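So the structure is just underneath, and the comments pick up after that.
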């Protein structure tokens with residue numbers, strides 16, 4: 001298939017002219033499996049490896065190729081893997097703080113046009129987690145769309161209440177409610193997908209992400225498991241994989257995300273909480289802390305039930321988390337650089353006779 005069918009456009013073409021030579025053709029990373037990179041060059045899929053000098057020059061794991069990246073490769077003889085020389089600049093990116101206590105970013109995907117946030121209406125619906133997803137997606141300049149799944153397990157009234165709760169939090173993004181059992185909403189989802197665009201599904205394990213992709217493909221290409229006694233699905237996807245649908249759109253099926261830590265995300269927070277930032281402009285005092293000042297527009301909105309207090313508290317929490325993680329990460333980077341300067345690598349010289 002031509003490269004354009006994999007999402008290659010004039011923006012990437014301009015980047016490739018500077019980084020890739022005739023000897024280094026382009027390919028797109030469709031999966032990362034235990035250090036091996038599976039790529040597609042428009043004609044076939046094959047495994048590729050990164051050069052040793054690429055590894056040595058990389059400061060962070062987030063700088064390694066990830067699913068969705070465009071890379072310059074070099075083919076060798078049949079006994080060696082093709083090698084990756086460069087990663088084209090990313091038009092969009094999806095990253096989080098790595099799971100656990102260590103403060104460093106982890107890439108989930110790149111060059112994604114639309115990210116579907118999948119939450120089950122039955123047991124998984126959580127407004128605060130939804131706001132976290134929006135911060136992460138907006139920070140990477142990706143368009144978010146909300147998918148509320150398993151609508152067959154709740155009443156229509158409860159679904160309307162959930163949608164009203166989302167809107168009350170100032171979230172204006174498109175919402176699609178669907179059921180993989182009845183098929184409701186699937187046609188609306190299909191109509192929102194365009195050829196040559198790249199999409200991903202984000203959500204907890206068991207909310208129906210893989211089933212949605214199988215529904216869009218029209219057959220069970222990816223493995224799923226039967227639902228539990230509670231009506232929830234079980235974890236199946238173990239790695240991120242980009243697949244091309246028959247209509248020309250590309251989807252990244254991702255494992256369920258259990259821990260959604262926010263890396264540095266000032267821009268994503270501002271984009272996700274515009275209602276709070278707009279209200280802050282209406283406060284009587286320009287240095288209002290929104291705690292007890294007279295004429296505070298935010299406190300007034302909360303008192304009038306025009307803003308959910310939990311929504312505002314989550315904004316403060318995410319802002320503090322982002323700032324703290326950014327400071328910790330920068331401090332660690334400075335420590336590593338200072339250590340490197342203090343302990344330079346000594347080059348071994350052969351004795352002269």
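Across the range 131-144, what is the number of residues that are surrounded by fewer than 19 Cβ atoms within 10 Å (Cβ to Cβ) and either without any contact (Cβ under 8 Å) to a residue 24 or more places away in the chain or on the phi < 0 side of the Ramachandran plot (or both)? Steps first, answer last, please.
Filtering the range 131-144 for residues surrounded by fewer than 19 Cβ atoms within 10 Å (Cβ to Cβ) gives 141, 143.
Subsequent filtering for residues that are either without any contact (Cβ under 8 Å) to a residue 24 or more places away in the chain or on the phi < 0 side of the Ramachandran plot (or both) retains 143.
So the answer is 1.
Being in contact with a helix residue (DSSP H, G or I) (Cβ under 8 Å, 6 or more places away or on another chain), exposed (fewer than 15 other Cβ atoms within 10 Å of the Cβ) and under 30 Å from residue 311 (Cβ atoms) is the filter here; which residues of the range 174-201 pass it?
184
So, of the residues in the range 85-104 that are modelled with pLDDT of 85 or more and more than 24 Å from residue 117 (Cβ to Cβ), which turns out to be surrounded by the fewest Cβ atoms within 10 Å (Cβ to Cβ)?
As a first pass, look at the range 85-104 and keep what is modelled with pLDDT of 85 or more: 85-96.
Retained after the next criterion (residues that are more than 24 Å from residue 117 (Cβ to Cβ)): 85-89.
Working: 85: 18, 86: 20, 87: 21, 88: 23, 89: 15.
Going through the qualifying residues, I end up with 89.
Is it the case that some residue within the range 5-24 is at pLDDT 90 or above and exposed (fewer than 11 other Cβ atoms within 10 Å of the Cβ)?
yes
Can you tell me which of (1) surrounded by fewer than 16 Cβ atoms within 10 Å (Cβ to Cβ); (2) within 24 Å of residue 199 (Cβ to Cβ); (3) without any contact (Cβ under 8 Å) to a residue 60 or more places away in the chain is the one residue 61 doesn't meet?
Every condition holds for residue 61 apart from (2).
Please go through the range 26-58 and pick out each residue that is closer than 16 Å to residue 7 by Cβ and touching a residue at least 24 places away in the same chain (Cβ under 8 Å).
Hits for the range 26-58 are 26, 27, 28, 29, 30, 31, 39, 40, 41, 42, 43.
The values are calculated or read from the model by the stated rules, or taken from the named source; none is laboratory data. Every value quoted in this text rests on a predicted model; they were computed, and no experiment measured them. Positions of Cβ are generated from backbone atoms using ideal geometry, with glycine treated the same way; all protein chains shown enter the neighbour counts.
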